[in-house]
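For reference, the structure discussed in these notes is given below.
The values are calculated or read from the model by the stated rules, or taken from the named source; none is laboratory data. As the structure is a prediction and not an experimental result, all values here were calculated from the model. Cβ coordinates were reconstructed from backbone atoms using ideal geometry, including for glycine residues, and neighbour counts include every protein chain displayed. Protein only, heavy atoms only, side chains kept; ligands, DNA and RNA dropped before computing areas. Shrake-Rupley method; radii C 1.70, N 1.55, O 1.52, S 1.80 Å.
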Amino acid sequence: MRRQIQIGCVSFLLLFSGWLQAQTVKISGKVSGFEPGSLVRVRVYADQFSRLKKTMAAVRTDSAGFFELSFPLKKTTFALLDVNLKQTSFYLQPGAVYHFQITQDSAARQFHSFYAPLQATFQASDDSLNAFIERYDDLFSQFINRHFRDVYQFHNRQIFNQFKQQVKARFSQVENPYVKQYIHYSLASMEWGGRMRSLPEIVQNEFAGHPVLYNNIQYTNFFTDFFQAYFQSTVKKPVTLDKLQQLIPEHNLQKLDALYAQAPALNSDRRVRELAEMVQWASLYHQPGFDPSDIEALFRQMEIKSPFAENRKIAEDYRVKLRQMQPGTPAPAFRLPDFTGKEFSLKDFRGKFVLISFIGTHCPVCNFQLNQLKSLQQNLIDFTNLTIVSGKVTSDFIQNAKPLQRQWPFLLLGKDILLLEKYQIVNYPAYVLIGPAGRIIMAPAPMPDENLEQRIHSVINAYKKRLQN
């Protein structure tokens, strides 16, 4: 215990001194139920506000399913371990060593959604970081299951305080700063959700004038949920949607910030105010009445003008994430073989509208919908279907697909599974419409029985009119 306390204190001092040095994290394990050569990745959030994911390390399993990887890490953080596109979450600590046992049951392999969670267990030399968080999460879940109505409907402070005392007693020996902050902001979030503290009290006691815990997932969860609710609340405040609709198109960050500064909850701490602004801008990106390009312009200004390096990075990450697969952005490139081995790339279809259909070989609905695409191929000019097939391709599948293969290309995804991630495909079948210049038009596109042909007709006609003008 003395060693754990010493390490916790040192970590705390280093964290707030700003000169924490990176330490090597080592991760190994055995993967069962997946094919040899499966892709194993460790990913983290580039920042905990935008949730833009970045890969820390990647490797493929060997013939027996074993893997090893390592990478430098400066701060404790939430992380994802992916095998292909399935994942499990855990917490990374600089210098720690992790060993995973990962399995996939036969039922999971049949899911048309391939982001099902991994069945994973692991051992970690991380001063019980993961063990403490798991124990707390279990205690929290048990309490919520028993007392959800007491807390969130009846706002029973006595029940809540009893739980706080139980947590305090159970975790009184914890010295790890990350765990202590994790627990604190989890409880604060529950207290706010149960309406046991007012909005101004929450801001004063938890955010304004307090250190921003950029790397703690519970802090950022609470911060994001709180300020989204704050801006949507009926509490009288200067920041209204009407005023934002007037000011945001001006792209005047200074003027907009002055509006936010009029809010009592935000006027005293610029760092917190900027983060709250970005949380709201992100929520407005897809909202009717706001132009996404105006929102992007604000994030771009924040990248340049914020005096806080962390906030500048968060603004950049938000802009990158919000732009992913948006209309007008370049479609992710690929080069894949057909059933004969002939390779095709997206560039091969420049000058045409391309409807990409992503299907799985064990997806009956996919086969039915592919037959509905024949009329598109026959009736539209400067258009082609393009099907990308995932899964084990049998002779029966090839035989059944032959009539359609004569009309448009069928490409094999193979081990290029990250293409699904790039196109944000979460289940089969899925469709994406790409324009003649290789840019996204609709992602996702409607299903064939959702007026898909009519929508594509409209897009092509509008495109031709623009060319004529």
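A few notes on this one:
Residues are listed down the side, and each one gets a yes or a no for (1) within 31 Å of the chain's Cα centre (by Cα); (2) touching a residue at least 60 places away in the same chain (Cβ under 8 Å); (3) open to solvent by 20 Å² or more (accessible area, probe 1.4 Å); (4) more than 30 Å from L275 (Cβ to Cβ):
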position	(1), (2), (3), (4)
I314	yes, yes, no, no
S345	yes, no, no, yes
K352	no, yes, yes, yes
N371	no, no, yes, yes
L404	no, no, no, yes
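- Members of the stretch 236-253 found to be of a type in the set (S, T, N, Q) and assigned to a loop (DSSP other than H, G, I, E, B), listed by number: T240, N252
- Within the stretch 316-343, the set of residues being without any contact (Cβ under 8 Å) to a residue 12 or more places away in the chain and among the hydroxyl-bearing types (S, T, Y) comprises just one member, T340.
- Extreme residue, farthest from the chain's Cα centre (by Cα), among residues of the stretch 203-227 that are closer than 18 Å to S283 by Cβ and open to solvent by 40 Å² or more (accessible area, probe 1.4 Å): D225
- When restricted to residues that are part of a helix (DSSP H, G or I), surrounded by fewer than 16 Cβ atoms within 10 Å (Cβ to Cβ) and either polar (S, T, N, Q) or touching a Ser or Thr at 6+ places or on another chain (Cβ under 7 Å) (or both), the stretch 156-202 contains 5.
- In the condition set (1) in a helix (DSSP H, G or I); (2) open to solvent by less than 30 Å² (accessible area, probe 1.4 Å), N145 is compliant with all but (2).
- Looking across the stretch 125-156, just one residue is closer than 17 Å to Y178 by Cβ and of a type in the set (V, I, T), and that is I133.
- Residue within the stretch 442-463 that is farther than 20 Å from S375 by Cβ, in a strand (DSSP E or B) and modelled with pLDDT of 95 or more present: no
- A107 vs. criteria among the aliphatic types (A, V, I, L, M), modelled with pLDDT under 95 and loosely packed, with under 14 Cβ neighbours inside 10 Å: yes
- Residues that are open to solvent by less than 20 Å² (accessible area, probe 1.4 Å) and either at pLDDT 95 or above or out of contact with any helix residue (DSSP H, G or I) (no Cβ under 7 Å at 6 or more places or on another chain) (or both), drawn from the stretch 1-38: V25, I27, G29, V31, G37, S38
Matching residues to (1) closer than 24 Å to M190 by Cβ; (2) acidic (D, E); (3) not in a strand (DSSP E or B):
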position: F71; (1), (2), (3): no, no, no
position: D127; (1), (2), (3): no, yes, yes
position: D150; (1), (2), (3): yes, yes, yes
position: F154; (1), (2), (3): yes, no, yes
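- Candidate set: the stretch 406-443, residues that are of a type in the set (K, R) and touching a residue at least 40 places away in the same chain (Cβ under 8 Å); chosen: the one farthest from N84 (Cα to Cα): R439
- Some residue of the stretch 181-198 being within 21 Å of N267 (Cβ to Cβ) and touching a residue at least 12 places away in the same chain (Cβ under 8 Å): yes
- Selection within the stretch 228-253: residues that are under 22 Å from K305 (Cβ atoms) and without any contact (Cβ under 8 Å) to a residue 12 or more places away in the chain. The member of this set that is least open to solvent (accessible area, probe 1.4 Å) is N252.
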